[in-house]
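Computed from the coordinates by the stated procedures, all read-outs in this text should not be read as laboratory data. Here the structure is a predicted model, which means the values were calculated and not measured. With ideal geometry, Cβ positions are generated from the backbone for all residues, glycine too; neighbour counts draw on all protein chains shown.
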Amino acid sequence: MKTFYDVLQYLKEFGVYIHVGKRLWDIELAALEVDNLYKTDILNAKDYATIKLILSHEHTMEVENPSD
């Protein structure tokens, strides 16, 4: 897993489909969903850390260079 797209595809495996309308909102919602999956012991610590790192990077890039 290396990109935000990869994270979204991974979340789909758990029935989580995200498309709010703004990329920043999608990133933030994905972070919340990942937190919930981790809290319910569905995600292991390694996957959780990897996904959170990807989402944090994407969030920073989107805030610094908004696509809208």
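The label-point distance for MET1 and MET61, in a model that sets each label 7 Å from Cα toward Cβ, rounds to 1.6 nm.
The relative contact order of the chain comes to 37 percent, based on Cα pairs under 8 Å that sit 6 or more residues apart. Projecting the Cα atoms of HIS57, HIS19, LEU37 onto the dipole axis of the chain, where Lys and Arg carry +1 and Asp and Glu carry -1 at the beta carbon, places LEU37 farthest toward the positive end.
For the chain, please report how many Lys pairs fall under 18 Å Cα to Cα, leaving out neighbours fewer than 8 apart on the same chain.
Working: LYS2/LYS12; LYS2/LYS46; LYS2/LYS52; LYS12/LYS39; LYS12/LYS52; LYS39/LYS52.
Total qualifying Lys-Lys pairs in the chain comes to 6.
Let me know the shape class of the chain, please: from the alpha-carbon gyration tensor, a ≥ b ≥ c as square roots of the eigenvalues, rounded when a/c is under 1.5, otherwise prolate if a/b is greater than b/c, or oblate. Here the chain falls in the prolate category.
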